[in-house]
Amino acid sequence: MTEKRGIVLAVDNATVTLYAIGLGVQLRDLFEEEIPEPGSLCTVLDDDYITCPPSTISHFKPFNKDGVCHIQLLVSTPCSLPEPMKEKFKGAVWSPFVQYLNDPNGVLDGVMGGDLTEVIAKYAPFENKLFEVVSLVEWKDEPLEETRLSVYQNTPWLMEYRAREMKPCHEVLPDAYGCVKQWRVYNHEQQGVGICIVYKAPNPAYFKLDRGQKASSGSEQFVSWLWSPIFGLVRWLIRQDVKRAGADSYHDWEQFKATEDYNDGDGNRLQALGKWFIYRLNDTRWRDQKKGKQTGQEYNPTRTTMAVATATDIKAAGCEKPFRVVPKEQRQKNGPFDTHELQMEVSFPFKREDIEDDQGKVRQDAHFYDLQLGKVEIYPIQGELILKNIDEHLKELHEKNADEYEKAKDEVFIVVATVIVSKNFYENAKNYPKNGLFLVKWVDEIKYLHGGRSIYQKE
């Protein structure tokens, strides 16, 4: 059942015109016993509406003036855009709540672009915009605290700029990212945020003495794997006895025991799969590097971060991506601990050069980059599906509507995909970014960045 918070735009003898984010303009039958005012808040239902009390949100105040819906709200305008975006967004006024607004009288002409501005706008639908700016609201003191909210930073032009121009983080600052600089040495003060991509696996650094005794208290038979571009692939040791004196993960155990989210005691970290954590590294090379500096000797590490460092001081972080953990069928399992598949919903802008080669076929190394996951590989079947649907959509527009085609060919398309962990994640991490640790399992949707119009949806 649909239930969205909205506002009343207009009222006539028979209908009420409503607006809600995600639904757009909606018409509902007017009930004579309760006639709402334009500018009042409401809850939009499937075939009905419910009026709501006035809002206390300081940065969004709808009200009625002379029978017309008005809103006092914050809006953004663009600044310093590259071509061809400069012409495309010239004169644009945008709010995350009502989308684009008209400014026919040039109220915002003297306002510096890139900053948030508070305005009064009235309901005056024209073309594809619902409101027009009628006046500025002057701030007596400092800008409103709400101007710092992230919802105002994701403007259409900034999102398109990111989609077109943004480069992988490791290309911008290669020395800062352990995913590509695997010999980098870390001290205990450095902190990262990563995802648990494998909840239990044999520890590649585990070894025993000839008599079967463990070589050291730091050597454990099993690990979980954490991934973040800042650190790369890192082992999270599964302690056989986390309560023993001196165990590095004792404090972690106390935290997990209190929340009952993770059972570190018997090595079953299934509840951690797909979740994000803040952690530091226990990197033994740092002590050797420190000694080298004290003695004036240059230290050159002979082992990578993957082989040496382990995660410590681990704390739960907020969820970065929608995900689900699905039990695998027996034929899908790759080893005794490969019991579940992590599936994440990831969106990325379509860049033809990353998927299609010069011959019009899917590139052998088709991929996209995600801010948290890094390089994600796209196999030929999924690459062909993406290219086919976008090309067929553009071809149809070209044949039916030349104007729409000219607009669409310069638009950014967003691909929504279900992404899983590659079975070769460990080897791929060694030669990253030649290969990614993740791959597209299937494509869920292809849509326009602006407006969200869908051109493909998985059945």
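What the table shows:
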{"item": "Inter-residue pairs, beta-carbon under 9 Å, first not assigned by TED's automatic domain parsing to the domain that holds Lys315 and in the range 281-292, second outside any loop (DSSP other than H, G, I, E, B) and surrounded by 13 or more Cβ atoms within 10 Å (Cβ to Cβ), 6+ apart", "result": "none"}
{"item": "Tally of residues being within 30 Å of Val223 (Cβ to Cβ) and out of contact with any Phe, Trp or Tyr (no Cβ under 8 Å at 6 or more places or on another chain) across the range 347-371", "result": "3"}
{"item": "Residues located in the range 396-425, provided they are modelled with pLDDT of 95 or more and assigned to a helix (DSSP H, G or I)", "result": "Phe425"}
{"item": "Filter pass, Asp410 being surrounded by fewer than 18 Cβ atoms within 10 Å (Cβ to Cβ), in contact with a Pro (Cβ under 8 Å, 6 or more places away or on another chain) and more than 24 Å from Leu273 (Cα to Cα)", "result": "yes"}
{"item": "Subset of the range 21-58 [within 20 Å of Val75 (Cα to Cα), of a type outside the set (Ser, Thr, Tyr) and at pLDDT below 90]", "result": "Ile21, Gly22, Gly24, Ile57"}
{"item": "Qualifying residues in the range 66-80 (those that are closer than 20 Å to Thr117 by Cβ and out of contact with any Asp or Glu (no Cβ under 9 Å at 6 or more places or on another chain)) - the one modelled with the lowest pLDDT", "result": "Ser80"}
{"item": "The range 350-374, subset basic (Lys, Arg), under 15 Å from Leu385 (Cβ atoms) and assigned to a loop (DSSP other than H, G, I, E, B), residue farthest from the chain's Cα centre (by Cα)", "result": "Lys361"}
{"item": "Count of the range 326-346 residues which are modelled with pLDDT of 90 or more and touching a Phe, Trp or Tyr at 6+ places or on another chain (Cβ under 9 Å)", "result": "6"}
{"item": "Considering residues of the range 108-124 that are modelled with pLDDT of 95 or more and touching a Phe, Trp or Tyr at 6+ places or on another chain (Cβ under 8 Å) only, the residue farthest from Phe97 (Cα to Cα)", "result": "Ala124"}
{"item": "Long-range neighbours under 8 Å by Cβ, at least six apart or interchain, first residue touching a residue at least 60 places away in the same chain (Cβ under 8 Å) within the range 3-24, second aliphatic (A, V, I, L, M) and part of a loop (DSSP other than H, G, I, E, B)", "result": "Tyr19/Val98"}
{"item": "Residue match in the range 434-441 (condition: among the small types (Gly, Ala, Ser), surrounded by 13 or more Cβ atoms within 10 Å (Cβ to Cβ) and at pLDDT 95 or above)", "result": "yes"}
{"item": "Some residue of the range 187-201 being at pLDDT below 85 and part of a strand (DSSP E or B)", "result": "no"}
{"item": "Checking Val68 against (1) buried (at least 16 other Cβ atoms within 10 Å of the Cβ); (2) more than 18 Å from Tyr161 (Cβ to Cβ); (3) not basic (Lys, Arg), the condition it does not meet", "result": "(1)"}
{"item": "Condition met for Glu356 (touching a strand residue (DSSP E or B) at 6+ places or on another chain (Cβ under 7 Å), assigned by TED's automatic domain parsing to the domain that holds His450 and surrounded by fewer than 21 Cβ atoms within 10 Å (Cβ to Cβ))", "result": "yes"}
{"item": "Verdict on Glu459 being surrounded by fewer than 19 Cβ atoms within 10 Å (Cβ to Cβ) and either closer than 26 Å to Lys167 by Cβ or aromatic (Phe, Trp, Tyr) (or both)", "result": "no"}
{"item": "Qualifying residue in the range 71-86 (condition: over 32 Å from the mean Cα position of the chain (by Cα) and surrounded by 14 or more Cβ atoms within 10 Å (Cβ to Cβ))", "result": "no"}
{"item": "Residue check for Thr2: surrounded by 13 or more Cβ atoms within 10 Å (Cβ to Cβ), over 29 Å from Ala408 (Cα atoms) and among the hydroxyl-bearing types (Ser, Thr, Tyr)", "result": "yes"}
{"item": "Yes/no for Ala92 being surrounded by fewer than 18 Cβ atoms within 10 Å (Cβ to Cβ) and modelled with pLDDT of 90 or more", "result": "no"}
{"item": "Tally, over the range 381-433, of residues that are in contact with a Cys (Cβ under 6 Å, 6 or more places away or on another chain) and closer than 19 Å to Lys447 by Cβ", "result": "0"}
{"item": "Test for Tyr456: is it under 30 Å from Val98 (Cα atoms), aromatic (Phe, Trp, Tyr) and at pLDDT 95 or above", "result": "yes"}
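Matching residues to (1) more than 20 Å from Leu130 (Cβ to Cβ); (2) assigned to a loop (DSSP other than H, G, I, E, B):
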{"site": "Pro38", "(1), (2)": "no, yes"}
{"site": "Asp47", "(1), (2)": "yes, yes"}
{"site": "Pro53", "(1), (2)": "yes, yes"}
{"site": "His70", "(1), (2)": "no, no"}
{"site": "Pro82", "(1), (2)": "yes, yes"}
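The values are calculated or read from the model by the stated rules, or taken from the named source; none is laboratory data. None of these values were measured; they are calculated from a predicted model. Every residue, glycine among them, receives a Cβ derived from its backbone with ideal geometry; neighbour counts consider all protein chains shown.
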